[in-house]
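Student: What follows is a structure written as structure tokens; I'll ask about it next.
The values are calculated or read from the model by the stated rules, or taken from the named source; none is laboratory data. What you are looking at is a predicted structure, and each value in this text was computed from that prediction instead of being measured. Virtual Cβ from ideal backbone geometry, glycine too; neighbours counted across all protein chains shown.
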Amino acid sequence: MSDWDVSRAATALLDAEATRTDRRPVTDDWPELDLATAYQVQDELIRRKVADGEHIVGVKLGLTSRAKQRRLGIDSPLVAWLTDAMVLQAGVPVPTGRLIHPRVEPEIVFVLGERLSGPGVTAATAMAAVRSVSAGLEVIDSRFIDFRFTLPDVVADNASSARFVVGGAERDPRSLDLALEACVLSVNGTVVDSATGAAVQGHPAEALALAANALAERGIALEPGWVVLTGGMTDAVFIEPGDQIAAEFTHLGNVVVGGV
């Protein structure tokens, strides 16, 4: 039997983040780590961040696109937490020197206008709770060497959360067909990938419903004002100092981050 537990796993992941030192997957040391326990590690990790002064501002979906699932060899979406320390204001560069091996991916971002609580949330009821939709870029930064992990590992690691930026344009989601909302991702002016909102569980609202229903199993509801990152539309790209990564959306405008 392993001598690892929820507290030890949370400590290991927080230490890796604080020291910018990637490590082998927790499951290498704690093979018994299952998905339910991994969410306990995630919650403990965020509880400690909140105790240190951070505030929860929303949630993110991970591994909602087939592109990400194929690359990582994982076929289940997951839910993780966003705090105010992860917010990157528009125009502020990604602090690559404070991260391990950051990558960037484009997202369709919801802001909730009403409380959303499962179970039984559908895409339609999820959309009814949305106040606005925007373009976004998420900076992910796995604490594991070479982004190698199992599903329990990445859940425990809060879905590789690091930073995120939301574009300035806020739209009424009911005025758009988000399944057809297209995004072109470029690095230093060169197009590297593209996708539509259909890449995210068929429609971003399906990802939102998934989050509400998954959190309901843990006795948690999505609160008004929370930001929801619905999941990477394309595979993520590395960002280095001096890089500029841009996502150009059909109706949601552009969002850009640079590395420093």
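Student: Picking from 88, 99, which residue would you name as being under 18 Å from residue 143 (Cβ atoms) and among the hydrophobic types (A, V, I, L, M, F, W, C)?
Tutor: Every option except 99 fails the conditions.
Student: May I ask you to list the residues in segment 214-260 that are among the polar types (S, T, N, Q) and assigned to a strand (DSSP E or B)?
Tutor: Hits for segment 214-260 are 244, 254.
Student: Let me ask another. Can you tell me how many residues in segment 166-178 are under 19 Å from the mean Cα position of the chain (by Cα) and either β-branched (Val, Ile, Thr) or over 20 Å from residue 88 (Cα atoms) (or both)?
Tutor: Here the count works out to 2.
Student: Also, quick follow-up: Could you list all residues from segment 171-199 that are farther than 18 Å from residue 251 by Cβ and of a type in the set (Asp, Glu)?
Tutor: 193, the sole residue that qualifies.
Student: What number goes with the only condition from (1) closer than 22 Å to residue 139 by Cβ; (2) at pLDDT 95 or above; (3) among the hydroxyl-bearing types (Ser, Thr, Tyr) that residue 234 does not pass?
Tutor: (2)
Student: If I go through segment 59-84 residue by residue, how many of them are at pLDDT 95 or above and exposed (fewer than 15 other Cβ atoms within 10 Å of the Cβ)?
Tutor: Counting residues in segment 59-84 that are at pLDDT 95 or above and exposed (fewer than 15 other Cβ atoms within 10 Å of the Cβ) gives 1.
Student: Let me ask something else about it. Within segment 148-166, count every residue that is in contact with a strand residue (DSSP E or B) (Cβ under 8 Å, 6 or more places away or on another chain) and either buried (at least 23 other Cβ atoms within 10 Å of the Cβ) or modelled with pLDDT of 95 or more (or both).
Tutor: 13
Student: Moving on to the next point. Would you please name the residue that is nearest to the chain's Cα centre (by Cα), looking only at residues in segment 27-47 that are among the β-branched types (Val, Ile, Thr) and closer than 20 Å to residue 218 by Cβ? Lay out the reasoning, then the answer.
Tutor: Of all residues in segment 27-47, those among the β-branched types (Val, Ile, Thr) come to 27, 37, 41, 46.
Next cut, closer than 20 Å to residue 218 by Cβ only: 37, 41, 46.
Numbers: 37: 20, 41: 17, 46: 14 Å.
Of everything passing the filter in segment 27-47, 46 is nearest to the chain's Cα centre (by Cα).
Student: Does any residue of segment 173-194 turn out to be modelled with pLDDT of 95 or more and under 19 Å from residue 141 (Cα atoms)?
Tutor: yes
Student: Quick one: in segment 96-113, of everything that is assigned to a loop (DSSP other than H, G, I, E, B) and touching a strand residue (DSSP E or B) at 6+ places or on another chain (Cβ under 8 Å), which residue is farthest from residue 243 (Cα to Cα)?
Tutor: 113
Per-residue answers, yes or no, for (1) of a type in the set (D, E, K, R); (2) at pLDDT below 95; (3) in a loop (DSSP other than H, G, I, E, B):
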| residue | (1), (2), (3) |
| --- | --- |
| 4 | no, no, yes |
| 8 | yes, no, no |
| 11 | no, no, no |
| 18 | no, no, no |
| 31 | no, no, yes |
| 39 | no, no, no |
| 46 | no, no, no |
| 49 | yes, no, no |
